[in-house]
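Take a look at the structure set out below.
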Amino acid sequence: MDTLEAFKLKSIIKELKPLKGRHTEFVSVYVPAGYDLNKRINQLLEEQATATNIKSASTRKNVINALEKMIQQLKLIDKTPENGLAIFSGNVAEREGDMDVKVWYVEPYIPLNLSIYRCDKDFKLEPLETMLMTKNVYMLVTMDKREATIGVLKGSSVIVMNSMTSAVPGKHKTGGQSAARMERLRDEAAKEFYRRISGYIKEQFKDLSEIKGIFVGGPGFTKNDFVEQGQFNEEFKSKILAIKDLSYTDEYGLSELVDLCNDELALEEISEEKKILKSFFEKMAKDIDSIAYGYDDVKKAIEFNAVDHLMLSEELEDHVISELDKLGEASGATVHIISTEFSEGLQFKNVSGIGALLRFPMNFV
């Protein structure tokens, strides 16, 4: 993922998300990669003509003006960008009756494969929000002794990969040797079911490096037995982020599992930032020559090709982030845009919001 492009996208989402129209008058348009831009402009001209039928005079005026502003912006573009585009327009005047129509234009860094036209009270931002998350893929397993469903969470999309049923016999009210024999059969069938599930997972994900984490869920203790008896290696087990009690084991169970793992997902999304900041603050206390902070010192370290990891707070001015990001990447540094949505991120912002872990010690005195 391009760090600077991701930051720009996040900034636009942050700007647009709070805006609300008084009626269904905010226009959102997504043009997929490879789509004829002139064709989309003609479609918007048709929508503009149709908007003259809107009963409310204020809504009619706002929609027509928003479309006009959008069409004029699109006409300035020669053709659809390589990855498609998203464009938003609406009257954002604070007082009703006033006119302040604005337009926002986004060239995504991930190809768009969807075509959308929507008028609503807010802008449709979900496809852009999903882009920020698609770098991480999580495996989902829901199961009991009767069935299992395997899927992945990619961005905000839950994708079902496979559903499997077991050959575990049901419980019978028998006693003595028959009961013991039946229990052995149940255990053997359960272990065979676990092996089938783990075999499928190993076949689909030969390289676990593409999986950010694994969530397992289901009713009862079967899910725990599966983790222990499913013949998984330590690498697989180390990626398990949570095991949850669920009501369902089918496709609905996958969605339920994701809902119950929101806290773990949120922590995982910022875990890399937490790790890099932990190292930064530890070195600040014990090995100050191995870090740099503040605009002047960090820029000097970049110029000496000394920066290994460059950290920039998302609260910095856009031009500062853009400048240092380009310099850092050109020098081979790994650039991190640091969120302020957790305590370490806020602490880093207060230290100037610009920091670096160095490849070799430097003295800035």
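All told, Lys145 meets the bar of being of a type outside the set (Phe, Trp, Tyr), touching a Lys or Arg at 6+ places or on another chain (Cβ under 9 Å) and outside any helix (DSSP H, G or I). Here Glu235 clears all of (1) surrounded by 13 or more Cβ atoms within 10 Å (Cβ to Cβ); (2) touching a Leu at 6+ places or on another chain (Cβ under 6 Å); (3) part of a helix (DSSP H, G or I) except the condition numbered (1).
This table checks each residue for (1) in a helix (DSSP H, G or I); (2) of a type in the set (Ser, Thr, Tyr); (3) closer than 22 Å to Lys14 by Cα; (4) in contact with a Phe, Trp or Tyr (Cβ under 8 Å, 6 or more places away or on another chain).
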site: Ile302; (1), (2), (3), (4): yes, no, no, no
site: Leu310; (1), (2), (3), (4): no, no, no, no
site: Ile321; (1), (2), (3), (4): yes, no, yes, yes
site: Asp325; (1), (2), (3), (4): yes, no, yes, yes
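Name the residues in segment 105-135 that are over 30 Å from Glu268 (Cβ atoms) and among the aromatic types (Phe, Trp, Tyr), would you? Answer for segment 105-135, where residues must be over 30 Å from Glu268 (Cβ atoms) and among the aromatic types (Phe, Trp, Tyr): Tyr105, Tyr117. Residues of segment 1-40 that are over 21 Å from Tyr109 (Cα atoms) and surrounded by fewer than 17 Cβ atoms within 10 Å (Cβ to Cβ): Pro18, Leu19, Lys20, Arg22, His23, Thr24, Asn38, Lys39. Scanning segment 51-96 for residues that are β-branched (Val, Ile, Thr) and farther than 24 Å from Pro32 by Cα gives Thr52, Ile54, Thr59, Val92. So which residues in segment 269-302 are touching a strand residue (DSSP E or B) at 6+ places or on another chain (Cβ under 6 Å) and either among the acidic types (Asp, Glu) or within 30 Å of Thr149 (Cα to Cα) (or both), if there are any at all? Passing the criteria: only Glu273.
Quick note: the coordinates plus some simple rules give every number you see, no bench work behind them. Quantities reported herein were computed from a predicted structural model and do not represent experimental measurements. Cβ sites come from the backbone with ideal geometry, for glycine too, and all protein chains shown count toward neighbours.
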